[in-house]
2 protein chains.
Amino acid sequence: MPGSLQSFKAEFFKALSHPVRIKMLELLADGEKSVTELQTILGLDQSGVSQQLSVLRAKGIIVSRKNGTTVYYTVRDPLVFQLLEIARNIFNNHLIDTKDMLSQLETEKETDPALIS
Amino acid sequence: MPGSLQSFKAEFFKALSHPVRIKMLELLADGEKSVTELQTILGLDQSGVSQQLSVLRAKGIIVSRKNGTTVYYTVRDPLVFQLLEIARNIFNNHLIDTKDMLSQLETEKETDPALIS
DNA sequence: TTTTAATATTCAAATATTTTGATATGCCTT
DNA sequence: AAGGCATATCAAAATATTTGAATATTAAAA
């Protein structure tokens, strides 16, 4: 049985590893949204939206509520938002480092322009 | 330019979406480890370990330090551990739900065994 | 300077994910 | 019941990831 816990976690992160799905979760931070609303905001076709939602649903990250013919989605566990926020912080730290790297590269370029190409 | 931020985040999560890489990060929570150490603990072949490490390195999640011929790896931003901990909590909540679901299904099964298949 | 140990890279096959378009289902209105 | 929305599923092509074996690099030791 070793590694099954890690596999489960990996599956969870895999569900988050798509730009559209990240965006969806960020949109759902404001509260529930219908498929059409998501579709409009994201500017994607219906099928694509539905499919990405089904990935998140399959991992239990979002849940749906049906009203007539429209389906509303919500993030099940608010911890997901904390997770995204931490990711954002890590991302910001990383950006700073990248900026440092870039400016450093910039000064190296002044010395030897060939370094850039 | 819309969505590039989400893409970046997605890339980050993608780096975490592999059982071996999760396990590596968990091992690195104790402090730096060499490739051989990781290889021994994980019970994988050298090439595989090196490859997974390079994925994490490419995303800037881990950094390396070289001493002679051995390379030591560390997680760059400790926030990563917080991230993993939150993921663990989400995972636990989810497990509880799953257990509930299962036991509920179990009682339903007593009523109507056909529900299981 | 040849060998050895530790790590990294490369390549190709196997597998998985994404994307697109078409089709299906369910519910509401007329 | 027929038509029209809203959503979901399916299937195939395009793309990306994983895996394993072979090869390359680098630093130390002999």
Around residue B:58 (Cβ within 13 Å, Cβ-to-Cβ, excluding residue B:58; K/R +1, D/E -1) the net charge comes to +4
Separation of alpha-carbon centers, the range B:58-97 and the range A:1-33, rounded to whole Å: 17 Å
Measure off 7 Å from each Cα along the Cα-to-Cβ vector at residue B:85 and residue A:27, then give the distance between these two points in nanometres to one decimal. 3.3 nm
To the nearest 100 Å², how much accessible surface do chains B and A cover up together, summed over both, with a 1.4 Å probe? 3200 Å²
Determine the shielding of peptide B:76-83 by partner chains: average, over its residues, the number of Cβ atoms on other chains within 10 angstrom of each Cβ. 5
Under the √(5λ) rule applied to the eigenvalues of the Cα gyration tensor, what semi-axes describe the equivalent ellipsoid of the range B:1-76? Give them in Å, descending. 25, 13, 10
Charge tally in the Cβ shell below 14 Å around residue A:74, where Lys, Arg are +1 and Asp, Glu are -1, residue A:74 excluded: 0
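The values are calculated or read from the model by the stated rules, or taken from the named source; none is laboratory data. Please read all numbers here as calculations on a predicted model, not as lab measurements. FYI the Cβ positions are ideal-geometry reconstructions off the backbone, even for glycines, and counts take in every protein chain you see. Remember, those area values only see protein heavy atoms, side chains included, never the ligands or the DNA or RNA. Shrake-Rupley method; radii C 1.70, N 1.55, O 1.52, S 1.80 Å.
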